[in-house]
1. Heavy atoms only, probe 1.4 Å: what % of the accessible area of the chain goes to carbon and sulfur, would you let me know?
2. What is the spin-label model distance, in nm, from Arg121 to Val254 if the labels are put 7 Å beyond Cα along the C-beta direction?
3. Any idea of the accessible area per residue across segment 1-157, 1.4 Å probe, to the nearest Å²?
4. Can you give me the relative contact order of segment 1-144 as a percent, contacts being Cα pairs under 8 Å and 6 or more apart?
5. Between Thr106 and Ala182, how many nm apart are label points set 7 Å from Cα along the C-beta direction?
6. Roughly what percent of Cα-Cα pairs across the chain reach past 30 Å?
7. For a quick check of your reading of the filter: which GluC sites (Glu not before Pro) in segment 1-42 sit in a DSSP loop and have no more than 11 other Cβ atoms within 10 Å?
8. Test of the criteria: in segment 76-155, which trypsin sites (Lys or Arg not before Pro) are in a DSSP loop and have at most 13 other Cβ atoms within 10 angstrom of their Cβ?
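The values are calculated or read from the model by the stated rules, or taken from the named source; none is laboratory data. Here the structure is a predicted model, which means the values were calculated and not measured. Heads up, the Cβs are rebuilt from the backbone with ideal geometry, glycines too, and the neighbour counts pull from every protein chain shown. For accessibility, only protein heavy atoms count, side chains too; no ligands or nucleic acids. Shrake-Rupley method; radii C 1.70, N 1.55, O 1.52, S 1.80 Å.
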Amino acid sequence: MSKRIVIMGECMVELFQLVENVYHQAFAGDVFNTAVYLKRCAEQPVEVQFFTAVGTDLISDKLVRAVEREKIDTQLILRSKTARPGLYMINTDAFGERSFVYWRDTSAAKQVLQLASGQQRLAELTGAEMFFFSGITLAILNDSDREALFALVAELKASGSRIIFDPNYRPALWPTAEAAKAAFLRAYALADVALPGLDDHKVLFAATCTEEVVAQLSALGVEEIVVKNGKDGISGRYQGQDFSALAYPVKKVVDTTAAGDSFNGGYLAARLGGIAPAQAVKFAARLAGFVVEHTGAIVGKEHFNGFWAKNRPSQFR
């Protein structure tokens, strides 16, 4: 019997430049990227459900078909009659570091909890082995919906779902840094698994190293912690035992857009396959290293299949 993981958040229209004034259109978003790489990398049967909202327009139809092509379950993709998917454009510098321009003020994903509640769909989330959400999931919701999400997460945790949280801090989405900090602390208090990046904790919590983040989240009661620090590697703790791993060496960084998202997907795929955290991070780092060598958040299957032919989570036991 396959395990079920629900991943909640936003998928957007992605534009990245191929040559001057010529852009490629795809679909991406932090939690969606994680869902794709999790599904692609799972060696055991896993049902990945994407919980979001889109519109009733043609681009929304195209988005749903893109989700289906990744063999991700779309039953929890709800339809809004008043909104459409958001859009973002990637700009990358000579070192592959990215910046974004967003058009998401009326994104349908902001309505997901209102739609789910109105259609009496929230009960369908119960029973999932894992529920994954991010700081962006929190940021795009209004205050009342954010409170409703915290209540939902608490209910899912009480019913036996493991709660997974990645803060993925985007300052432009929050009214103040203090608002983000307060929301993240509430999310961590509910989380069984935390997958933060050091950079977020440097900004919000004045952390200076990954070990400080591990200690902070342990004190908040998080059982499984993995702190990402780019080329400087990973630190973590599971059931009181510390571990670390090096970043995978990359010949040329092309685009770092989904580095953390792909790491999350690879890590969760390995964990669902029974790989211990200290080994799961090694596969996840290898996957992230591969992804940043390519343009865009979701690497085309023709390239990914070459990676998959040589790299499996089970090789890292």
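1. Details: 7160 of 13870 Å².
Result for the chain: 52 percent of the exposed heavy-atom area is carbon or sulfur.
2. For the pair Arg121/Val254, the computed spacing is 3.5 nm.
3. Working: 7090 Å² over 157 residues.
Result: 45 Å² of accessible area for each residue.
4. Rounded, it is 30 percent for segment 1-144.
5. Computed distance between label sites Thr106 and Ala182 equals 3.0 nm.
6. On the way: 13560 of 50086 pairs.
Value for the chain (Cα pairs over 30 Å): 27 percent.
7. Numbers: sites: Glu10, Glu14, Glu20; in loops: Glu10, Glu20.
Taking segment 1-42 and a limit of 11 other Cβ atoms within 10 Å, the loop GluC sites (Glu not before Pro) found are Glu20.
8. Details: sites: Arg79, Lys81, Arg98, Arg104, Lys110, Arg121, Arg146; in loops: Lys81, Arg104, Arg121.
Passing both the DSSP loop test and the Cβ count: Lys81.
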